[in-house]
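Nothing in this text is a laboratory measurement; each read-out follows from the coordinates by a stated rule. As the structure is a prediction and not an experimental result, all values here were calculated from the model. Cβ placement follows ideal geometry from the backbone for every residue including glycine, while neighbour counts extend to all protein chains displayed.
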Amino acid sequence: TMRQRFWELGDSKMGDAIAGKNTDTKGGAGGADEQQQARADAKKRAQEEDVVDYKKSAGFAQHMKTDNKDDPSKSATSDFAKHKSIKEQRRYLPVFSVREQLLDVIKENSVTIIVGETGSGKTTQLTQYLMEEGYSNFGMVGCTQPRRVAAMSVARRVSEEVAANTPVPNRTELHSLGGLVGYAIRFEDVTSPQTTIKYMTDGVLLRESLRDPDLNMYSCIVMDEAHERSLNTDVLFGILKKIVSRRSDLKLIVTSATLSADLFSNFFGGAPTFRIPGRTFPVEMFYAKTVQEDYVLAAVKQVLQIHFNSPPGDILVFCTGQEDIEGVCTLVAEKVGSIDGCSPLLVLPMYSQLPADMQAKIFEAAEKGVRKVVVSTNVAETSLTVDGIKYVIDTGFSKVKVYNSKIGMDTLNVTPVSKANAKQRSGRAGRTGPGYAFRLYTDRQFREELLENSVPEIQRTNLSNVVLLLKSLGVDNLLEFDFMSPPPQQTLESSLYQLWVLGALDNTGALTDMGRAMSEFPLDPPLSKMLLFSVSMGCTDELLTIVAMLSVPSVFFRPKDREEESDAAREKFFVPESDHCTLLNVYLRAKQHGFNNDWCTKHFVHSKGMQKAREVRAQLVDLMQQQKIVVKGCGGSWDVVRRTICSAYFYNSCQIKGIGEYVNMLTGIQSCLHPSSALYGLGYTPDFVVYHELISTSKEYMSCVTAVDGQWLAELGPMFFSIKESFATRIAKKSIEAEREARMKAEMDKAQGVMDARKAEK
Ligand code: CDP
Ligand code: MG
């Protein structure tokens with residue numbers, strides 16, 4: 001059904017058509033001969049066909065116009081959503097037509113794989129069907145999502161759908177979000193004892209399995225979006241496989257938007273696969289004729305071209321992350337605003353850091369006669385379905401977390417999508433009627449450069465967190481664990497090593513008391529180590545605040561046009577030598593002022609961010625109390641605090657190399673102080689620093705930096721550092737290293753043997 005067609009993005013004709021209009025309205029200088037020629041041509045055609053000049057510049061636009069005369073999708077679903085009741089909308093979903101058969105299969109099997117096109121109702125309906133069928137009488141119906149945004153937004157929708165079963169006057173607290181239907185993401189639990197349908201991130205369920213190894217609270221678990229192969233979902237697969245074999249009463253449902261279902265079915269010993277019949281419309285495909293240098297500009301051009309030339313229907317643009325998305329939104333809005341009499345366009349961004357109320361907007365239908373453009377990360381690829389999309393623009397890129405073994409940590413890289421992603425993306429245009437997909441890459445790029453499927457996260461990211469968790473669950477030998485796709489041995493080794501350095505594992509790779517305590521916190525290992533080390537240093541009160549502040553997006557507000565003013569306000573909080581302590585200082589000062597909104601605004605601090613930090617802090621305090629740890633403070637002694645910070649960041653410790661330039665002491669990677677750092681304006685630069693994160697832009701920048709004493713590094717991390725190494729200590733260090741390596745290798749070899757044996761069995 002998918003026909004291919006070439007289109008001419010970047011071809012001078014199209015770009016100039018828009019630019020030409022612009023110069024006309026603004027009366028700017030004329031362009032090149034070519035431009036004028038194009039404009040003249042367009043004018044001529046316009047006179048012939050009675051359309052405005054820029055409309056007819058590109059071939060495909062013409063094609064679309066004629067092709068759409070009898071378009072059955074004229075009443076896009078946005079109208080549908082407006083006019084039909086929630087109940088009617090539910091009955092209209094493809095999954096509704098197979099409700100009974102589906103429930104029969106679930107009844108007969110403990111594991112069921114469900115495959116269905118995106119938007120068929122898997123995420124929103126399955127949980128409700130299970131509840132309606134009475135499964136929730138024996139426990140909660142849980143549904144995992146790889147993305148926080150999806151968990152929150154879907155829970156809200158389902159809460160509304162469940163409420164719709166009860167007449168308005170009879171509705172109670174139970175019918176609002178957090179009542180019958182709730183969600184839980186890290187540091188945010190919107191559920192109550194009455195909650196029967198619980199949406200959550202896969203990470204939350206994974207942590208719950210630490211407390212409740214059989215997950216007895218649940219009667220059913222829907223592992224949604226399994227095709228995404230997120231790290232936590234992949235680990236959950238192994239854990240749930242065990243649980244299912246112990247608990248015959250548990251219903252496990254695995255959903256997938258793609259055909260990777262066979263893999264899941266085999267993993268669960270041949271579980272049945274149920275297909276929800278699709279209801280898709282043909283999507284006509286266009287590829288860029290030439291390779292696009294700048295996908296942001298290309299996307300902007302394409303949005304405008306559709307808006308000017310093509311019939312009504314909303315547009316979905318797949319972009320990478322916040323920055324690019326904001327860029328596309330701003331440019332499109334500017335362009336549209338600068339053209340007189342241009343029909344209105346509603347431009348909406350969608351990314352995970354966007355406030356929830358803004359996120360909710362993408363599901364609302366635009367006013368009549370207004371075209372909606374949603375510019376999103378790959379969350380709209382399968383996790384969220386926006387109705388009424390007729391045009392999809394695919395930049396061909398997404399942001400992917402990749403473990404960089406050179407610097408020993410994950411970085412977010414802009415990476416080409418896989419063919420499977422590209423297919424999902426274009427498919428979003430054909431949900432409610434025939435649609436059009438514009439790929440901002442050439443068909444040769446598609447065929448030759450894109451991978452068939454993207455690499456599962458477990459095979460490309462840092463595994464310290466997962467390793468710690470599995471060790472806490474009693475999985476001593478990691479390669480013996482039933483991974484659907486085993487992670488690379490090298491990554492496992494380096495994760496084991498990092499945990500050993502932090503004192504979470506002993507020389508034999510077994511969990512230490514410290515490691516066990518660390519696993520109680522939903523934090524990255526260095527942060528939980530820092531918190532626990534603070535107990536012996538007597539500065540837990542301070543470290544709780546610092547860790548909470550590091551766990552929320554930056555609280556510093558830096559509006560455009562007021563950069564200097566806001567920078568000056570931020571500098572007032574600076575604690576010399578430490579960005580970590582600066583964060584602590586902001587919190588303490590805000591607290592002094594009762595976390596007052598006006599105070600925050602005046603000092604260019606996000607009050608919502610501060611609120612979030614307070615909530616995170618309160619939860620960390622709870623976890624401390626559960627571990628019977630008494631929270632003590634050091635009365636704000638910055639040195640004690642800095643020393644504690646030093647204890648967790650061995651991997652991120654640097655020595656000075658030049659002015660503002662440092663080199664990592666373990667990896668040799670060079671990095672600089674960021675101009676926003678409190679250390680940047682010091683009269684001198686400290687010899688040793690540790691940092692929280694590395695940010696790669698034009699250079700490698702250290703983000704959140706604290707100056708430390710070389711002596712502290714030597715004391716706290718003697719396996720790495722020494723001020724002046726004697727022969728004896730060097731020998732001792734070597735033998736520790738050798739012993740560690742030997743033990744690690746023995747474990748790996750043993751595990752490899754088990755794996756090989758298992759493979760041979762198969
Ligand atoms: O999971 P799947 O892709 O199969 O479909 P779904 O997410 O359950 O979506 C079913 C319907 O619910 C779609 O028409 C969505 O547009 C709608 N929905 C919504 O209106 N608001 C949300 N927050 C989520 C879904
Ligand atoms: Mg879904």
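Below are the figures for this structure:
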| item | result |
| --- | --- |
| Built amide H within the under 5 Å cut-off of Glu284, gap 5+ | Gly435, Tyr436, Ala437 |
| Normalised contact order of region 628-711, rounded percent, pairs of Cα under 8 Å and 6 or more residues apart | 26 percent |
| Student exercise, region 79-231 dipole from Lys, Arg, Asp, Glu Cβ charges, in Debye to nearest 20 | 400 debye |
| Whole-Hz couplings from phi, Karplus 6.51/-1.76/1.60, listed for region 430-445; x for Gly and Pro | x, 7, 10, x, x, x, 9, 10, 10, 9, 7, 9, 7, 5, 5, 4 |
| Footprinting exposure proxy for Glu564, Glu132 (fewest neighbouring C-beta atoms within 10 Å first) | Glu564, Glu132 |
| Test item: Cα-centred dipole of region 218-347, Lys/Arg +1 and Asp/Glu -1 on Cβ, debye | 860 debye |
| Amide H contacts of Asp410 (H built 1.01 Å from N, under 5 Å, at least 5 apart or other chain) | Asn404, Asn462 |
| FRET efficiency, Lys107 to Asp639 (Cβ-Cβ, R0 45 Å, nearest 0.05) | 0.10 |
| FRET efficiency estimate (nearest 0.05) - Cβ-Cβ, Glu160 to Lys608, R0 25 angstrom | 0.55 |
| Neighbour cut-off at most 15 other Cβ (10 Å), DSSP loop, trypsin sites (Lys or Arg not before Pro), region 142-199 | Arg171 |
| DSSP bridge pairs, region 147-254: antiparallel proportion in percent, nearest 5 | 25 percent |
| Placed amide H near Glu693: partners under 5 Å, 5+ positions off or other chain | Ser703 |
| Region 324-405: relative contact order in percent, alpha carbon pairs under 8 Å with at least 6 residues between | 28 percent |
| Relative packing of 669-675, 583-589, which averages over residues the other C-beta atoms within 10 Å, highest first | 583-589, 669-675 |
| Loop trypsin sites (Lys or Arg not before Pro), region 310-405 (other Cβ atoms within 10 Å of the site Cβ: 16 or fewer; DSSP) | Lys368 |
| Virtual spin-label span in nm between Lys242 and Leu451, 7 Å along Cα→Cβ | 2.8 nm |
| Region 335-402 and region 261-322: distance between their alpha carbon centers, rounded to Å | 13 Å |
| Under the Karplus curve 6.51 cos²θ - 1.76 cosθ + 1.60, θ = phi - 60°, whole-Hz ³J(HN,Hα) for region 267-281, x wherever Gly or Pro sits | 4, 9, x, x, 5, x, 10, 10, 9, 7, x, x, 9, 10, 10 |
| Derived scalar couplings ³J(HN,Hα) [region 485-496; Karplus, 6.51 cos²θ - 1.76 cosθ + 1.60; whole Hz; x for Gly, Pro] | 10, x, x, x, 4, 4, 5, 4, 4, 5, 5, 4 |
| Rough spin-label spacing in nm, given labels placed 7 Å along Cα→Cβ, for Glu700 and Lys419 | 3.6 nm |
| Greater than 19 Å apart at Cα, pairs in Lys301/Lys401; Lys399/Lys419; Lys361/Lys401 | Lys301/Lys401; Lys361/Lys401 |
